[in-house]
Amino acid sequence: MTEEEIVQKIKEGYHTTDELKRILRLTMGLCQGKGCRRHIARIISRELSIPIEKVKQPTHRPPTKPVPISATVKKL
């Protein structure tokens, strides 16, 4: 995902991280938003000319129980 794509969607009317997440799948990578959430908030803040503190943070739903990757891989 590029910053230009995020800015375009903001101009189309998607103004929260959750809205952008639904349309662009932001924060759904390996880091689950730990690396990009703050950066996305800065882009929204800049594009909408609002303080970053006013940018609504996305819903965070951590797993209820960690599952090792090996448990999800089929054994041949």
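Residue by residue, here is whether (1) over 9 Å from the mean Cα position of the chain (by Cα); (2) among the polar types (S, T, N, Q); (3) in a helix (DSSP H, G or I) holds:
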position: E4; (1), (2), (3): yes, no, yes
position: Q8; (1), (2), (3): yes, yes, yes
position: G13; (1), (2), (3): yes, no, no
position: L26; (1), (2), (3): no, no, no
position: I50; (1), (2), (3): yes, no, no
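Is it true that K56 is touching a residue at least 40 places away in the same chain (Cβ under 8 Å) and surrounded by fewer than 13 Cβ atoms within 10 Å (Cβ to Cβ)? So K56 fits the description; yes.
Could you check how many residues of segment 28-48 are in contact with an Asp or Glu (Cβ under 7 Å, 6 or more places away or on another chain) and in a loop (DSSP other than H, G, I, E, B)?
0
Applying the condition of being at pLDDT 95 or above and of a type in the set (S, T, N, Q) to segment 6-48 and asking which residue is surrounded by the fewest Cβ atoms within 10 Å (Cβ to Cβ) yields Q8. With respect to K74, determine if the residue is surrounded by fewer than 14 Cβ atoms within 10 Å (Cβ to Cβ), among the charged types (D, E, K, R), under 10 Å from the mean Cα position of the chain (by Cα) and assigned to a loop (DSSP other than H, G, I, E, B). For K74, the condition - surrounded by fewer than 14 Cβ atoms within 10 Å (Cβ to Cβ), among the charged types (D, E, K, R), under 10 Å from the mean Cα position of the chain (by Cα) and assigned to a loop (DSSP other than H, G, I, E, B) - is not met.
Cβ-Cβ contacts under 6 Å between residues 6 or more apart (or on different chains), taken from a first residue in segment 18-47 that is of a type in the set (A, V, I, L, M) to a second residue that is at pLDDT below 85, are listed as L24/M1.
The values are calculated or read from the model by the stated rules, or taken from the named source; none is laboratory data. These figures come from a predicted structure and were not determined experimentally. When we count neighbours, we look across all protein chains shown, and the Cβ atoms used for this are built from the backbone with ideal geometry, even at glycine.
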